[in-house]
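This report concerns only the one structure given below.
The values are calculated or read from the model by the stated rules, or taken from the named source; none is laboratory data. Note that the structure is a prediction, hence the values are computed from the model and not measured. Virtual Cβ from ideal backbone geometry, glycine too; neighbours counted across all protein chains shown. The area values use the complete protein model at the heavy-atom level, side chains included, leaving out ligands, DNA and RNA. Shrake-Rupley method; radii C 1.70, N 1.55, O 1.52, S 1.80 Å.
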Amino acid sequence: MDLHLHRADYLQVGVTSQKTMKLLPASRHRATQKVVIGDHDGVVLCFGMKKGEAVAVFKTLPGQKIARLELGGVLNTPQEKIFIAAGSEIRGFTKRGKQFLSFETNLTESIKAMHISGSDLFLSASYIYNHYCDCKDQHYYLSGDKINDVICLPVERLPRITPVLACQDRLLRVLQGSDVIYEIEVPGPPTVLALHNGNGGDSGEDLLFGTSDGKLGLIQITPSKPRHKWEIRNEKKRGGILCVDSFDIVGDGVQDLLVGRDDGTVEVYGFDNANEPVLRFDQALSESVTSIQGGCVGKDGYDEIVVATYSGWVTGLTTEPVHKESGPGEEFRLNQEMQNKISSLRSELEQLQCKVLQEREKYQQSSQLSKAKSAVPSFSINDKFTLNRDDASYSLILEVQTAIDNVLIQSDVPIDLLDVDKNSAVVSFSSCDSEANDNFLLATYRCQANTTRLELKVRSIEGQYGALQAYVTPRIQPKTCQVRQHLIKPLSLHQRTHCIDQDRPMNTLTLTGQFSFAEVHSWVVFCLPEVPEKPPAGECVTFYFQNTFLDTQLESTYRKGEGVFKSDNISTISILKDVLSKEATKKKINLNISYEINEVSVKHTLELIHPKLEYQLLLAKKVQLIDALKELQVHEGNTDFLIPEYRCILEEADHLQEEYKKQPAHLERLYGMITDLFIDKFKFKGTNVKTKVPLLLEILDSYDQNALIAFFDAA
């Protein structure tokens, strides 16, 4: 069934966090509902729609930034009490705006996530989870990595209290009291959890999760072990998932799944006869969707999807048709309503323009006074720097609460900027003198009007580390700029995983010395992405990593006074040896370094590189044939006489040429990895083979896998 929804913007509040907008329960079936939303100014606003206008029910005074907003109440009754988390405090309001609760949790960190079920309150800060009942402390858990969301299976349907934590290390941790019953590995860092159908599905145990790399899944949380029901891969390379809800927007009696993503995409999934999700509708907004709810806000009887965006817009995607069928009298009334609305908007606009002029004059006067300091306008930036497993590149997403004028990108390490299809900004490069001032990249992105979100892609080289800085200038007066810095780590293309292939040929690096557990952990944090900043609990820890470009792996185990690192790639071990030695020297710590090199691992790594290198070289050959084949096609009038392989090249010509544009960087990168592998292999033997590199590059230009392996063995 086709779903047609029409957009209606209701109002704008301040910048919003994830899961801070809810619809209050309706008084009767398909009656209009009130919207309640909290923003970074600390304001809670509840409003409803009357004659197309947003009318406030209540509005609180500004305060601390609101991180979460949930609805609660006595179990099995309408959930219409409003709870907000701000700093380390929980406040409760009635649907009329009267405050009835102020609970100071005494957490040392600000609350990041919250779930409410009857008199039970489940909270999480960055690493700490707390369970309160009637505001009394019940259970506590310290997580090994950051907690992104918390939820509890419905206590009214199940005989037990089962909280679930979504943690940054790609795990869902299922708790009982203060203990973890079991952990569930999911295909990406989970950012949001929700009960399936709003109540846990048929069993009450069905839990939806969304990840920061855009994947979605359903898991049944049984008392003993999880059951994975389905998973949606992010085939279209859309943004990460920030919010989900269940609501029957299609009107077929089955709850649909509503999804909001950080690239502004809103999706609706229906369910087929096998209970598998099917995409029914999608629409792209211009900024990230922080909250999503199904209900009825604009007009009685018309269901809609209500979303809140990062900059605070509350928008409805409604089933109400744009053009209504009406008689002559009704048409006159609608025209009159429209005229009244336009005139009121005009007068409001004039008032705002007068106010802007007054404020601008006031600012000019105050800044000209000798003693007064110029007031720099502040603005919020939401930035993310994440590694994409699919193409081994980093996404830098910059989102500003107002339109972006330009963004300057500066890097003190060699990186490649990749094309992003969704990016409409004009990029210009400045020449750099890397020897004089450590600049390897200077690029300026000039944004089109009303662009509030910019996505860039960069690819780094392992072993080269430093910082990438983004200078963001929005379209506000007076001109101001904010800097966001992101570290590019020595092993930047590695990603955390929870199991590795133990049968691979491994090289081992062992460090011993007078260093503490916290010191060796800080070195690992410096070298590798996705490692928690705080040292994990216990005396010893093991982390597993996978290289997203080559699929090589790394196992790191360390404790006080000892660190052992194993990898099937000698270059990974070489980078670790150099960087860890340098970090220990900075702290004036004497390290004893020993290593065991497995000769078989070199051939193994070359075999992993082989299909990528072969594909790139074959791509180059195909592109060289395109012009000649097109000439033949024009000469002969058709392609029937060509062999299937050549016909296929002509059919895919545009795609091949597009891919070939990116090819020099790909080939250069693969050549660089093979060269590093060659140098590192002999470096551990105490031999310098840099003079033989030109010969190696000659072999690569006329590439043959056996000849390359023979060269590595003979040298």
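Shown is the FRET efficiency for HIS4 and ASP179, computed with R0 = 60 Å from the Cβ-Cβ distance and rounded to the nearest 0.05: 0.75. For the stretch 45-161, the calculated P(r) over all alpha carbon pairs, in 5 Å bins from 0 to the bin holding the longest distance, is 2, 10, 20, 22, 18, 13, 8, 4, 2, 1, 0 percent. With the simple spin-label model, which puts each label point 7 Å out from Cα in the Cβ direction, the ASP578 to VAL356 separation comes to 5.3 nm. From the Cα gyration tensor of the stretch 182-276, with a ≥ b ≥ c the square roots of its eigenvalues, which class applies: rounded if a/c is under 1.5, or else prolate if a/b is larger than b/c, or else oblate? The shape class here is oblate. Which entries of LYS51/LYS422; LYS146/LYS236; LYS22/LYS146; LYS19/LYS95 show an alpha-carbon separation above 30 angstrom in the structure shown? Distance filter (> 30 Å) returns LYS51/LYS422. Take the Cβ atoms of SER102 and LYS603, set R0 to 60 Å, and the FRET efficiency comes out at 0.35. Is there a pair in LYS237/LYS630; LYS622/LYS683; LYS489/LYS692; LYS59/LYS81 whose C-alpha atoms are over 26 Å apart, and which pairs would that be? Long pairs (Cα-Cα over 26 Å): LYS237/LYS630; LYS622/LYS683; LYS489/LYS692.
Rounded to the nearest 20 debye, the dipole magnitude of the chain is 2660 debye, with +1 charges on Lys and Arg beta carbons, -1 on Asp and Glu beta carbons, and the Cα centre as origin. Have a look at GLY538, VAL623, PHE565 and report the one farthest towards the positive end of the charge dipole of the stretch 535-690, computed about the Cα centre with Cβ charges (Lys/Arg +1, Asp/Glu -1). Comparing the listed Cα positions along the dipole, GLY538 ranks first. Around PHE209, under 9 Å between beta carbons, what's the net of Lys plus Arg minus Asp minus Glu among the other residues? Its environment carries a net charge of 0.
Annotation: lysines with alpha-carbon distance below 16 angstrom to LYS566 (same-chain offsets under eight excluded): LYS577, LYS681.
The alpha carbon gyration tensor of the stretch 220-308 gives principal lengths a ≥ b ≥ c with a/c of 1.5 or higher and a/b no greater than b/c, which makes the shape oblate.
Packing, as the average of other Cβ atoms within 10 Å across residues, places the peptides 528-538, 419-429 in the order 528-538, 419-429, highest first.
The order of the peptides 504-510, 259-265 by mean Cβ neighbours within 10 Å, most packed first, is 259-265, 504-510.
Taking a quarter of the surface of the Cα convex hull of the chain gives a mean projected area of 41.5 nm². Given their separation in residues at 0.36 nm each and the Cα-Cα distance between them, THR542 and GLN633 gain 26.8 nm when the chain is fully extended.
Our summary gives the stretch 452-566 a relative contact order of 26 percent, counting only alpha carbon pairs under 8 angstrom and 6 or more residues apart. Placing a label point 7 Å from the Cα of ASN590 along the Cα-to-Cβ direction, the residues of the stretch 486-518 with a backbone N closer than 20 Å are 510-517.
Stretching SER702 away from LEU349 to a fully extended chain increases their span by 120.2 nm, per 0.36 nm per residue minus the current alpha-carbon distance. What the chain shows is 49 Å² of accessible area per residue, with the surface traced by a 1.4 Å probe over protein heavy atoms. Please work out the FRET efficiency for the pair LYS479 and ALA714, using the Cβ-Cβ distance as r and a Förster radius of 60 Å; give the result to the nearest 0.05. According to the calculation, E is roughly 0.45.
When each of the peptides 64-71, 446-453, 565-572 is scored by the mean number of other C-beta atoms lying within 10 Å of its residues, the order from highest to lowest reads 565-572, 64-71, 446-453.
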